[in-house]
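Report on the following structure.
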Amino acid sequence: MESVSVMYCLYILLIVLLTVCAVVVLASVYFKYVDAEGILMGKIPHLKGVPIFDNTFDCLLNCEQLFQFIRNQYKRYRGIFGLRGFNYRFVNIFDPKDVEKILSASNFNTKRIPYTFLQHWLGTGLLISNGDKWHERRKMLTPAFHFKILKKFLININEQTEQLLDLIQDEVGKERTELFPLIAKSTLQTICETSMGASMREDIKSVTNKYFQAIHILGKCLMYRLSRIWFYTEPFFYVSKCSRIQRAALTDLHKFTRQIIRERREYIKQNKITTLDDDDDVYGKKSRMAMLDLLLEQEKLGNIDEDGIREEVDTFMFEGHDTTATALCFMIMRISNEPLVQNLIYEEVQRVLGGSEHSPTMEQLGDMKYLECCIKESLRLYPAVPFISRVVYENVELSGYMVPKSTEINIHIFDIHRLEDIYPEPEKFIPERFLPENSSKRHPYAYIPFSAGARNCIGQKFAMLELKSVMAGIIRRFSLEPVTRPEEIKFAAHLVLRSVNPMYVRFTNRKVAVEN
Ligand code: HEM
């Protein structure tokens, strides 16, 4: 009797398995040979993959391999190539003309994969939201990055630079200093003290390490999920080990942002601040018209709720510190390997600041044109956001191929910035590429570290200010000596551009170096 029921179970199992296989095969055949979009996709140059599954298993790679995989495919196909698995379609583009077509059109500015995978963390904050919500939030938040506000923020940025310089001073005499931990703490503190108006008391500082760890985990989980299409479906992902790890990391991330919001609410309550006027000085030195204040004010007007504030704080805390930290680390590493460039920056900083010990003003930073070219060149070689994506909801012609609707278009900033016909000897660090006479005729979409079009980076002026203040401060006081070499860098696909191994430099005091 028992063996009959075992047989029966096995029989059912077999039928289920066969049905699943049949569905998989039929779905694959349908999406490739029957579906109009699938047929169009087949005409775009693509990696062959395996029957039925196409490229599903080609991307089962770790973060480093995944980064290299895209570079290899780009070398093979150049202008455009596709990847597919069942009804998921990805078209990778590298031609500035194609990029312009996508980024400049309002009907193509919707985001889907992989941004939706970040929703557990960032909700549908500005980075991820689409349609009316995105429009409203962008309109609401744009004033928080007005020139007048950035001018006020420069005081905090400069203060933070001074604190960073003191920390670097402690590193002088050491064989090498690992850059990321030092720099990321500083940029996180800057975004907290400016846009969030947070005072970074000890209780907040104490959770920052957990915050960094959690972001690292989130980056790995994102890439893990992106490379496994069966995890694109939420319930399948939910039961995975990766999702459990991600949920634990999210607890730390949200704890940190909730603390920032709570602190600001208390500050406003205790100081009985009722109106948040841009020109009002009631905030005192540490808290000028923060972005968070703007959100709290909008909450009173009923334009945003508690969850909405949390998702924007999460978005800006992440975007506002990890990108700038990444940009600074790669730039410091690279400049340490470019002694001539370093000297020219030093000379310019001395010339503009006239040898004074004061922090630079907005105007003085504006006068540091060579430093600006160096930052641009560094962002060319090391774009903190190496790729972005959009989904198209109508067919669009790119590089002579009809890309079907409902396809993700991946724009590889990293490779676009290395196009040889636009940037001869692309791996060389040549800041002069960005002098007006050398760049005015360049295709505007051939250089897009902050993306372009309506959904460009809202914080780009803030970022440039911070990069300039920090780099001018460091080069003014220290000599950078090479430890990590650019050719040793192995990149990894992550939330932002990462180096697989830590990057190091050696700091020495500039004055001492000159006297010797
Ligand atoms: C070197 C530093 C930075 C780089 C390279 C950078 C780059 C980018 C890029 C490429 C995008 C487009 C993303 C996409 O389309 O998926 C973007 C968007 C964004 N960035 Fe930045 N960013 C930097 C600094 C900042 C800072 C300092 C902030 C905030 C203070 C910020 C906030 C944002 C936000 C909120 C968005 C989404 C904008 C939208 O969709 O409307 N970024 N950034």
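One quarter of the convex hull surface built on the alpha carbon atoms of the range 1-58 amounts to 5.0 nm², the projected area averaged over directions. Pairwise inverse Cα distances across the range 87-181, averaged and inverted, put the Kirkwood hydrodynamic radius at 18.0 Å.
Calculate what fraction, in whole %, of the accessible area of the range 406-516 sits on carbon and sulfur atoms when a 1.4 Å probe is rolled over the protein chains. Carbon with sulfur: 53 percent of the solvent-accessible area. Amide H contacts of L398: V403, each under 5 Å away and 5 or more positions distant or on a separate chain (H built 1.01 Å from N in the peptide plane; Pro and chain starts excluded). In the chain, helical runs assigned H by DSSP with n ≥ 4 each contribute -39500 (n - 2.57); averaged across all residues and rounded to the nearest 500, the mean residue ellipticity at 222 nm is -17000 deg cm²/dmol. Leaving out ligands and nucleic acids, note down the accessible area per residue over the chain with a 1.4 angstrom probe, in whole Å². Heavy-atom SASA per residue in the chain reads 46 Å².
Normalised Debye scattering of the chain at q = 0.11, 0.13 Å⁻¹ gives log10 I(q)/I(0) of -1.01, -1.37, counting only Cα atoms as equal scatterers and leaving out solvent.
When nucleic acids and ligands are ignored and a 1.4 Å probe is applied, M7 ends up with an accessible area of around 120 Å².
Between their Cα atoms, which of K174/K369; K111/K139; K75/K185; K185/K255; K43/K133 are more than 29 Å away from each other? Correct reply: K174/K369; K75/K185; K43/K133. The order of the peptides 313-323, 417-427 by mean Cβ neighbours within 10 Å, most packed first, is 313-323, 417-427. Computed over protein heavy atoms with a 1.4 Å probe, the carbon and sulfur contribution to the accessible area of the range 1-138 reaches 66%. According to the calculation over all Cα-Cα pairs in the range 453-516, the P(r) per 5 Å bin from zero is 3, 13, 13, 15, 20, 18, 9, 5, 2, 1, 0 %.
Here the range 352-394 is described by how far its Cα atoms reach on the three principal axes: 57, 19, 14 Å, from widest to narrowest. Using C-alpha pairs below 8 Å separated by at least 6 residues, the relative contact order for the range 35-509 is 27 percent.
The accessible-area ordering, largest first, of the residues V207, V500, V349 stands as V500, V207, V349, per a 1.4 angstrom probe. Hull volume per residue, based on the alpha-carbon atoms of the range 396-516 and their convex hull, is 180 Å³. Annotation for the range 137-168 versus the range 334-403: alpha-carbon center distance of 18 Å. Hydrodynamic estimate: the Kirkwood radius of the range 125-221 over Cα pairs, inserted into Stokes-Einstein at 10 °C and 1.306 mPa s, corresponds to D of 100 µm²/s.
Can you check what the net charge comes to around P45, using other residues whose Cβ is under 11 Å from the Cβ of P45 (Lys, Arg +1; Asp, Glu -1)?
Charge balance near P45 sits at +4.
The values are calculated or read from the model by the stated rules, or taken from the named source; none is laboratory data. This structure is a prediction, so every number in the text was calculated from the model and none was measured. Please note: Cβ atoms are built from the backbone with ideal geometry, for glycine as well, and neighbour counts cover all protein chains shown. Please note that ligands, DNA and RNA were not included when accessible areas were found on the heavy atoms of the full protein model with its side chains. Shrake-Rupley method; radii C 1.70, N 1.55, O 1.52, S 1.80 Å.
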